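We did not get these values from a lab; they are worked out from the coordinates using the rules stated. Since the model is a prediction, treat every value here as computed from it, not as a measurement. Counting neighbours? That spans all protein chains shown, and the Cβs are built from the backbone with ideal geometry, glycine included.
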Number of protein chains: 2
Amino acid sequence: MRLLRLAEQDLIAAIRQDFGKGGRGAVLGIGDDAAVIRPGKQNLILTTDLLIEGSHFLRSLHPPFELGRKALAVNISDIAAMGGRPLYALLGLGLPPGTPGGWVERFFAGLKSAAGEYGVHLIGGDLSRSRKVVISVTLIGEGKAFVRRSGGRPGHLLFISGFPGQSHAGLELLKKGFKSGKDRGADRLFKAFLDPVPQVELGLELARRKAASAMLDTSDGLSVDIGNLCRESGVGAEILAENIPISPELKRLRKSPLLDALYGGEDYGLLFAVPPTRLPEIKKLQKRFKLTQIGRLTAGRKVYLIHPSGQRTLFLPRGFRHFQ
Amino acid sequence: MRLLRLAEQDLIAAIRQDFGKGGRGAVLGIGDDAAVIRPGKQNLILTTDLLIEGSHFLRSLHPPFELGRKALAVNISDIAAMGGRPLYALLGLGLPPGTPGGWVERFFAGLKSAAGEYGVHLIGGDLSRSRKVVISVTLIGEGKAFVRRSGGRPGHLLFISGFPGQSHAGLELLKKGFKSGKDRGADRLFKAFLDPVPQVELGLELARRKAASAMLDTSDGLSVDIGNLCRESGVGAEILAENIPISPELKRLRKSPLLDALYGGEDYGLLFAVPPTRLPEIKKLQKRFKLTQIGRLTAGRKVYLIHPSGQRTLFLPRGFRHFQ
């Protein structure tokens, strides 16, 4: 569950305090990627995300098929960030009267294609009239083990999967009028934004091998995501700027690739902390997944960015504002 | 889960066919008030509803405290309509930048008050920027037994709880500028619209006693709700107009109280079919709940309204359009 920036870190804290830990059978309540309940002998992982036209996507930039896929993918990513497997989805969909039938058809085709790919079953929903397209997906997953955001300790190593900044760069190029099908590198950036791939298998492996002490998905940009992991774990961090993996296409097509990587959001990779004793597990996983150590957790509460010059600056959470 | 009328009965049918019955562990998929999964030894009942400013409520008419209560209540009503008990809620909330802090506070206070009243725990959510207020609630409940929409058979008797049309009448009076606190009857109508009471205890009793063969909540107006129950059960119905219970305040304050009762929506009472052999159970429940027999299910597929004159007319599903 992404908790976007209004000025509402305070609001979330208030809600959390107000509504507490969740009651009977609730293993994990507000404040993580997803909630966990244990109605029987099994953990169920629950998450919900709103995608609102104008705030999270533009119909002019986002083809409906890819939008349907992404609506499911961003929720799957929250389940992946807990180390769980997605199972069931509920869809709330608000549509403006007069939305072309073809648009709706392609949206559902995309949703169905992602559902098939990740083994998710749509079990219910609510269709509604709305001035802008509103998509609300709730996902239910399962996980024998699950990984919170709060288990990071000083000395644990901080890893990310994949290349950060790809999605933001893709969006920026689209906004500038770049077209797909002309440059393979640019196409990879477009895909990262339009049709991101949630890291379910990686999340499952990290949970199964008990390799990650804390984990979340990279949805709000590294600076925000790292800040969230550190706050929940009660630690600080040192991030090595030169360790941040930059893809060849990001380097080639963007002026400030490092800024994209540090502050761009919506990558839906995984950011996780690893106790040094679990490093051999990561080594094994690096044969299948692109995993990069970008820093380590520290005893303080502050997050520092270490520049190639050796200079240390505070790495403050901030994100790009996309549409509003 | 309400499925509002765009022109989308077709769309829902297509989604249902496309996404099928829900896969491993899914007991009941798309098409009922809620979905049911059985991850362990227990049924979990899941439902989601969107409330969108301008489509489902107006901020000028709906105080935030009552809106917070209603956002939860309409979902609780879907769980009640399955004969289940609500347990956990997830909230997706889209807020326009600049929404007054006091509004947000009152909204959450209302949500919390309803959560406390019905034993629901808020376990997670997603806050987001939006042009209009968007509220998406997903509710998870449990139920040993549960009641589908599809179990009605010819000869079963059709009952409703409470007084239909109250909510619609309350909205109409509010739109005309009537103020609360001046007339007790009008206040009851306002409350029915602003702060409806889901029928959890009644639903649980009907399920526990196996007294209802089919059930749903009256959210779209009787004509639509009866049509839905009949379609899912593959039956028709005869409804006796003179049996429709009309409250004293509806009779006194509205010009066409029967039309309010037949076509007004958002009452969140229960509509259910009862096999004649189970009538003694209903008699017992009538000591605690206002339950009225309004007709019976028939072998045809058509729904007829029997007027006091004895005239039979087709009772076609239609609803009032509220805001858009």
Whichever lysines have a C-alpha closer than 17 Å to that of A:Lys144, once near sequence neighbours (fewer than 8 apart) are set aside: A:Lys41, A:Lys210, B:Lys41
How do A:107-119, B:267-279 rank on mean C-beta neighbours within 10 Å, highest first? B:267-279, A:107-119
Rounded to the nearest 5, the percent of antiparallel DSSP beta bridges in the protein assembly as shown equals 75
Let a ≥ b ≥ c be the square roots of the eigenvalues of the Cα gyration tensor of the protein assembly as shown; is it rounded (a/c under 1.5), or, if not, prolate (a/b larger than b/c) or oblate? prolate
Closest approach to the B-A rotation axis by any Cβ of B: residue and distance in angstrom? B:Gly40, 1
To make sure I understand, if each residue's beta carbon is the centre and we count other beta carbons within 10 Å, what order do A:Val120, B:Val224 fall in, fewest to most? B:Val224, A:Val120
Treating only the Cβ atoms of Lys and Arg (+1) and Asp and Glu (-1) as charged, compute the dipole magnitude of region A:157-314 about its Cα centre; round to the nearest 20 debye. 400
Shielding by partners, peptide B:79-90 (average Cβ within 10 angstrom, other chains): 3
Magnitude of the Cβ-charge dipole (Lys and Arg +1, Asp and Glu -1) of chain A about the Cα centre, nearest 20 debye, reported as 540
Given the rule -39500 (n - 2.57) for each run of at least 4 DSSP H residues, summed and divided by the residues of chain B, what is its mean residue ellipticity at 222 nm, to the nearest 500 deg cm²/dmol? -10000 deg cm²/dmol
Tell me the distances, shortest first, between B:Gln311 and the same position across the other copies, using label points 7 Å along Cα→Cβ, in nm to one decimal. 8.7
Shielding of A:100-113 by partners, i.e. mean partner chain Cβ atoms within 10 Å per residue? 2
Calculate the mean, over all residues of peptide B:47-60, of how many other protein chain Cβ atoms lie within 10 angstrom of the residue's Cβ. 5
Chain A: relative contact order in percent, alpha carbon pairs under 8 Å with at least 6 residues between: 21
So how strong a dipole does the protein assembly as shown carry about its Cα centre when Lys and Arg Cβ are +1 and Asp and Glu Cβ are -1, to the nearest 20 debye? 560
Could you pull out the pairs from A:Lys112/B:Lys70; B:Lys112/B:Lys283; A:Lys70/A:Lys176; A:Lys176/A:Lys290; B:Lys112/B:Lys191; A:Lys191/A:Lys290 whose alpha carbons sit more than 27 Å apart here? A:Lys112/B:Lys70; B:Lys112/B:Lys283; A:Lys176/A:Lys290
Based on the alpha-carbon gyration tensor of chain B and its eigenvalue square roots a ≥ b ≥ c, which shape applies: rounded if a/c is under 1.5, prolate if not and a/b is larger than b/c, or oblate? oblate
